[in-house]
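Heads up: the structure comes next, in C-alpha cells.
Any read-out appearing in this document is the output of simple, stated calculations on the displayed coordinates, not a laboratory observation. The structure displayed is predicted, hence computed values, not measured ones. No Cβ is skipped: glycine too gets one built from the backbone with ideal geometry, and neighbour counts run over all protein chains shown.
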Amino acid sequence: MKKSSFITLILGTIGGVFFALGMCMALLPEWGMFQQGIICGVIGLVILLITLLVWRKMTGKAPIKLNGKTVLSVVIGVLGALVLGVGMCMVMVFEQMVLGVVVGLVGIVILLMLIPLVKGIHD
C-alpha cells in the first residue's frame, strides 16, 4: 500500500466517523445533543476536505480548479442526494411507498446525470 493511500484511509476513516457520529447526535432527539452534533459533523467535514487536499498533494495532482463545470457537478450531486434522501424518508418515515419510490428514482436519475457531465460522452 502506498503511503498516500494509507494516510488517505486513516484520515478518511476519522473524518467519516466524526461526520456520522455528529449526524447521529444531531438527528436523534433521544440523545439531546443537537448543537454538539452539528459541531462534530462540521469537524468531520473539515477533516474529509483536508483528506482530499492532502491526498491530491501527496499524489502530485494539481489543485481542484473551481470553474462552472465543477460547481455545477457539485450542485447536481447535492441535489440528487437530497432528492434520493427525501424519497427514502417518504417511504420509511411517512409511509408513502409509491410516491417515495418515485421521488427516490428521480434522485437516482439526477445522480446518473453526473456521469456524462463529469466524464463526457465519447465514441
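Which value in nm describes the separation of the simple spin-label points at Ser73 and Leu49, placed 7 Å from the Cα toward the beta carbon?
1.8 nm
May I ask you to list the residues of region 59-96 whose amide nitrogen lies under 20 Å from a point 7 Å from Cα along the Cα→beta-carbon direction of Leu117?
64-88
When the label point is put 7 Å from the Cα of Lys3 along its Cα-to-beta-carbon vector, which residues of region 43-61 have a backbone N closer than 16 Å?
54-61, by backbone N distance to the label point.
Using +1 on the beta carbon of Lys and Arg, -1 on that of Asp and Glu, and nothing else charged, what's the dipole of the chain about the Cα centre, debye to 20?
My answer is approximately 800 debye.
Quick one: compute the contact order of the chain, relative version, from alpha carbon pairs under 8 angstrom and 6+ residues apart, as a percent.
18 percent
Would you tally the net charge around Ile10, using a Cβ to Cβ cut-off of less than 15 Å, leaving Ile10 out, and scoring K and R as +1, D and E as -1?
+2
Among Val98, Ile64, Ala26, pick out the residue whose Cα is farthest towards the positive end of the charge dipole of the chain, where Lys and Arg carry +1 and Asp and Glu carry -1 on C-beta, about the Cα centre.
Ile64
With θ set to phi - 60° and the Karplus curve 6.51 cos²θ - 1.76 cosθ + 1.60, what are the ³J(HN,Hα) couplings of region 65-74 in order, to the nearest whole Hz, using x for Gly and Pro?
Rounded to whole hertz, the list is 8, 8, 10, x, 5, 5, 5, 5, 5, 5.
Which option, (1) -0.74, -0.84, -0.96; (2) -0.66, -0.74, -0.83; (3) -0.98, -1.07, -1.13, is the value of log10 I(q)/I(0) by the Debye sum over Cα atoms at q = 0.15, 0.16, 0.17 Å⁻¹ that was calculated from these coordinates?
Entry (3).
With a ≥ b ≥ c the root eigenvalues of the C-alpha gyration tensor of region 65-123, is it rounded (a/c under 1.5), prolate (a/b larger than b/c) or oblate?
Since a/c reaches 1.5 but b/c is at least a/b, the shape of region 65-123 is classed as oblate.
Quick one: if the Förster radius is 41 Å, what FRET efficiency do Cys24 and Ile64 give, using the C-beta to C-beta distance and rounding to 0.05?
Numbers: r = 30 Å, r/R0 = 0.72.
Calculated value: 0.90.
Evaluate E = 1/(1 + (r/R0)^6) for Gln36 and Ile14, where r is the Cβ-Cβ distance and R0 equals 25 Å; express this FRET efficiency to the nearest 0.05.
E(calc), rounded to 0.05, equals 0.90.
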